[in-house]
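Structure, as structure tokens:
Derivation of every value follows stated rules applied to the coordinates shown; laboratory data play no part. Since we're looking at a predicted model, the values are computed, not measured. Virtual Cβ from ideal backbone geometry, glycine too; neighbours counted across all protein chains shown.
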Amino acid sequence: MTATELDLEAATSEGDLLLEVEDVTKYFPVRTNALIERSHASVKAVDGVSLALRVGETLGVVGESGCGKSTLARLIAALHPVTSGKIRFKGQEITKLDRRHMRPLRRSIQMVFQDPYGSLNPRRRVGSILSDPFTVHTQMSRAEVREQVRDLMARVGLSSEHYNRFPAEFSGGQRQRIGIARALALRPDLIICDEPVSALDVSIQAQIINLLEDLQDEFMLTYIFIAHDLSVVRHVSDRIAVMYLGKIVETGPVEEIYSRARHPYTASLLSAVPVADRAFKGERKTRVILSGDVPSPQNPPSGCRFHPRCPKAQAICATEEPLLEQKAGDPAGHLTACHFPVEEGEPLAMASREAVVATAPIDGAQEQP
Amino acid sequence: MIRLVARRLVYLVLVLIVITFLTYVVFFVGNPNDLAARFAGRDAGPAQIRDAAVRLGLNHGFWYQYWHYLVGLLHGSFGLDFQNQVPINSEIARAFPVTASLVVGSVVIWLLIGIPIGIMSATHPRTLRDRAGTTFALTFLSMPTFVLGVLFLLVFYYYLTRAGLSWFPAAGYVGITTSPGQWFLHLILPWLTLALVQAAIYTRLIRGSLLDVLGEDYIRTARAKGLSRRTVIYKHGVRAALTPVVTQLGIDVGTLLAGAFVTERVFGLPGLGQLALNAIGAADLPVVAAVVVLAASFIVIMNTIVDIVYALLDPRVRLA
Amino acid sequence: MSQGGLIGVDVEQERVEEKDPELLAENKEQEFVGRTPWRLAWLRLRKDKVAMVSLGFIVFLVLVAIFAPLLTALIGHGPNAQYTTKGLSLSGIPVGPGQNGFILGTDDQGRDVLSRIIYGSQISLEVGIGATALALAVGTLIGLVAGYYGGWIDSILGRFMDILLSFPILLFAIAIVARFGPSLELLIIVIAMFSWPYIGRLVRGQVIGLREREFVEAARALGASDLRIMVFDIAPNLIALAVIYATLLIPVNIVLEATLSFLGLGIQPPTASWGNMIAEAQTGDLYTVAWWFLVFPCIALVLTTLAFNLFGDGLRDALDPRRGRGHLGTVQKVKRAARAFAFPSEVIRAARSSVFRSERERETP
């Protein structure tokens, strides 16, 4: 059984599949010197990623910057063509669709961008920006569009009096609300949130997260939530996928990952979450500090990509690439790509668990069930 | 570096093909007989026109003539002119020193004026000195070359001469080998005309680029570690600020060498610009094409030199 | 304001500065409403005295050009009428300024210099604005397409612009006019033909930057077509740049027209153009004793060029989007000052020096 099938099985058991990503890769060619020596080097931004998503769930994707999570988001949103692999949306393969056939699908897959300053055109009024989805995809009259836009603005907590303002007249949080409104306009099935709150003040983050959660309940939305802030991801996600250098190294239900991380990388990430309360600090002697930098995705390490930085690495790790599979003792759906997964009670695991305990949920009030 | 030069050579050939072609098209659109008739002499009959056409090679088709011209170029020959059947190479050899004298002299002057004023403006931004520099630049920048030239002639030649001070000759050119003193005197006004307009541009260029450089972090670091203001400005700042100036200089020299038409016309200097203007007036196609070829070559060659100098000045730029 | 601690004062000043004190005063009551980017620019421009005076002169010039027939009728002298008795002295010397009802004197043929200058302004503006508008349209279109699509389309269009910019422009313009015979329309077309690549390159550079912005990605995620993205998302961000450079290109083109006319290849006498007035004056020797019919057209030309340059400069200052960020650090302030004084004929220079930059970029990835 391959990793995908396992994953799919885990997914199908509980609801309708919305999205299937199968062994997708994205290589960006690196141009060195154009004229004569055309070198074939490429950055392997996403390298063999598979995942599945059920209707109404939220998948958190975490990893350090440069691990390919934003590229993955853009592949799913069909903003970049994939190098290889398949993406199926509601059972329909979308990777090979031409522009014309892609258009109706754009209604269903939307994206919220990281930078609320960059993602809104500074020279257009908010009303005009928000009417784009309607003018592109529907035949509504001007008045109808206007009505829709006002509703939409009200829904995301903006005053409809702001219709004629320019983005520059809004705060970061308000702008992100506009970005969300735009993504929401055509009632999509899937919204890909690419670090939607990382550019915002901490105090504003909670408001935006809450808005996203309310909208999910109201419109039965499915989210892919990309972030590098582990506490935010934990708060919003049902399942987590951890990426490292273009590959998923561990995936599973959120509580499972946070309490029983099996991959040393996940464990180290979790141990790095800052402790809110000083009282815990004394116990955190086992914090895992990774040595070295993230290797270049242009020339990733052999075998397990994490091995040069892994505290548990052995000879086999440098030669053989571990499969993403269910490890002994793990529940279905918790997959790890590691030859020597972290055992419960191992120092690494200890560290991660402490870190989790110490991590306060974002606004304390709502814990994920 | 060899590759850079090689690539530029390919580019130059491309440019030359395109512009000679366009030159030919511009001249031949309509009917070539028209062209032949112009050189057949006054009141020429059909027979004489035909003779002229044969003599000038106009009896062949457009493509043949164009091809013939390109082959000639490849052998380093611009061919014979239409008017007097003289080798164009020798006409250019006569005109080029004039233009070169004009350009080289004025380059020296405009750099001598432009760089100090630019540095002064940048190191004392928004002071009286800076305002004075700005005013200088604005005045000459808004002045078309021919206006400045004509006014110079009026004031420095006519008015001074009438006042009994015959410092400057009227117009014309004396070769440097004939009489260096006369050469110099004849060129002062043209030099100034060309140089003042250009100096204005360079003042602004240096001011802007030096202000940019002086705002960079590394300059502040240099100041912070205790280097004197003077050392920072001259050793670090000016050096970095000169890079865009070098670029601009290369382009300007390339363009002007192709003919400072207006200055040459105003002061009656028999340079390339005058040669071209006369040839255009006489519909002397090969001469026009020759000057066009020279001009484009100068521009591309100077740009290549600029790129090499650029890399020497700024180690961050690698030459492929 | 109470005399707080040193720090308190500092903070207060900082805050006022952030909101641009001039604008704050302007909009005290209006809150933020109506502060569109354009309105902000206009408010800034209005504070720029030099730019406003220049704008005033330009408006005046446009009115003069429009009402040229009316004005010359008021003066009582047509532009081409030769007043051989009233306008020339017995020995044939032109009449000086203010004499015999000729406000700026007469030229060597006894024509009213003022009337000719007034009619000359029509030519200058027609050619300057006409050629610039044409260049702007073509340059924006091609720059937009090249920058947006990139790849081989960009390579071809970019090379094409490079080659045009490697042309000895003046020489080629002269050759074309000489071949087809001078006319106003041809003059406009020829000048536009050689000035559009400047705009094209600038627009292309801007579009390459804009293309990578997230709002373009957002539009693509919505399923907007390329055309729609170019028109609705990218073009609005080009308007400021286009307006600035068009204003700075107008004087360049006016000078080009005057230069061609001066060389005898532009507007043909007896139709008055500032360029051919200067050329005609210079052909004889009479101007050495009657300076006015040489000097006044020169002044008209220089003032016009100056006004457009100054206005364009102020406009750039007011529209520069980078200025709108509010709080500027010292470095940015210095840079801003540098840009504010950066120069008009830089339109040409900016594009010129980027002629080979594309290649440079390719060499240094």
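Roughly how many debye, to the nearest 20, is the charge dipole of the range A:78-140 about its Cα centre, given +1 on each Lys and Arg Cβ, -1 on each Asp and Glu Cβ, and no other charges?
On the way: 12 positive and 4 negative charges, 38 e Å.
Dipole of the range A:78-140, to the nearest 20 debye: 180 debye.
Using the Kirkwood radius over C-alpha pairs as Rh, can you work out the diffusion coefficient of the range C:190-265 via Stokes-Einstein at 37 °C, viscosity 0.692 mPa s, in µm² per second?
Values: Rh = 14.4 Å.
Estimated diffusion coefficient is 228 µm²/s.
Ranking request for peptides A:122-128, B:63-69, C:313-319: highest mean number of other beta-carbon atoms within 10 Å first, then the rest in descending order. Could the numbers behind the result be given before it?
On the way: A:122-128: 19.0, B:63-69: 15.1, C:313-319: 23.3.
Put in order of decreasing packing, that is C:313-319, A:122-128, B:63-69.
In terms of the ratio Rg/(2.2 N^0.38 Å) built on C-alpha atoms, what value belongs to the range A:97-245? Please report the intermediate quantities before stating the final value.
Numbers: Rg = 15.4 Å, N = 149, 2.2 N^0.38 = 14.7 Å.
Rg over 2.2 N^0.38 Å, computed on Cα atoms: 1.04.
Given the options B:Pro125, B:Pro97, B:Pro46, state which has the largest fluctuation in a GNM of chain B using a 10 Å cut-off (strictly under) for Cα springs.
In this elastic network of chain B, the residue with the biggest mean-square fluctuation among B:Pro125, B:Pro97, B:Pro46 is B:Pro46.
Put a dot 7 Å past each Cα toward the Cβ at B:Arg55 and A:Gln314; how far apart are the dots in nm?
9.9
Just the number: Rg to Rh for the range B:90-138, Cα atoms, Kirkwood Rh, two decimals. Before the final figure, lay out the partial values.
On the way: Rg = 16.6 Å, Rh = 12.7 Å.
Ratio of gyration radius to Kirkwood radius for the range B:90-138: 1.31.
Given the -39500 (n - 2.57) contribution per DSSP H run of 4+ residues, what per-residue ellipticity at 222 nm results for chain B, rounded to the nearest 500 deg cm²/dmol?
Numbers: 13 runs with 226 residues, N = 320.
Taken over chain B, the calculation gives -24000 deg cm²/dmol.
Using the structure shown, select from A:Lys247/A:Lys312; A:Lys26/A:Lys327; A:Lys26/A:Lys90; A:Lys44/A:Lys327 the pairs with a Cα to Cα distance greater than 25 angstrom. The partial results should precede the final answer.
Details: A:Lys247/A:Lys312 19 Å; A:Lys26/A:Lys327 28 Å; A:Lys26/A:Lys90 22 Å; A:Lys44/A:Lys327 27 Å.
Flagged as over cut-off: A:Lys26/A:Lys327; A:Lys44/A:Lys327.
Per residue of B:299-308, what is the mean number of Cβ atoms on other protein chains within 10 angstrom of that residue's Cβ? Mind dumping the intermediate values first?
On the way: counts 7, 5, 0, 0, 7, 1, 0, 2, 5, 0.
Mean shielding by partner chains, rounded to a whole number: 3.
Amide H to amide H, which residues 5 or more places from A:Val249 or on other chains are under 5 Å from it, using H placed in the peptide plane?
Under 5 Å from the amide H of A:Val249: A:Val242, A:Met243, A:Tyr244.
Sort the range A:133-208 into rounded, prolate or oblate with this rule: let a ≥ b ≥ c be the square roots of the eigenvalues of the Cα gyration tensor; rounded if a/c is under 1.5, and if a/c is not under 1.5, prolate when a/b is larger than b/c, oblate otherwise.
On the way: a/c = 2.47, a/b = 1.49, b/c = 1.66.
It is oblate, given that a/c is not under 1.5 and a/b is not larger than b/c.
Mind checking the mean number of beta-carbon atoms from other chains within 10 Å of the Cβ atoms in C:284-294? Don't skip to the end; give the middle numbers.
On the way: counts 0, 1, 0, 4, 7, 2, 0, 5, 0, 0, 5.
What the average comes to for C:284-294 is 2.
Between A:Gln326 and residues 5 or more places away or on another chain, which pairs have amide H atoms under 5 Å apart, with H built 1.01 Å from N, and which residues are they?
Distant-sequence amide H within range of A:Gln326: A:Thr336.
Pop the C-beta distance of B:Arg162 and C:Asn80 into the FRET formula with R0 = 45 Å and round what comes out to the nearest 0.05.
On the way: r = 31 Å, r/R0 = 0.70.
With R0 = 45 Å, the Cβ-Cβ based efficiency is 0.90.
Using only the Cα atoms of chain B, build the gyration tensor, take square roots of its eigenvalues as a ≥ b ≥ c, and label the shape rounded, prolate or oblate: rounded if a/c is under 1.5, else prolate if a/b is larger than b/c, else oblate.
Numbers: a/c = 3.00, a/b = 1.60, b/c = 1.87.
Here chain B falls in the oblate category.
Going by amide H atoms built from the backbone, whose H comes under 5 Å of the H on A:Val61, apart from near neighbours?
A:Phe225, A:Ile226, A:Ala227, A:Ala241
Can you list the DSSP H helices in chain B whose Cα atoms extend at least 20 Å along the helix axis and whose mean Kyte-Doolittle hydropathy is 0.0 or higher?
Result, helices passing both filters: B:2-28, B:88-123, B:180-214, B:238-257, B:285-313.
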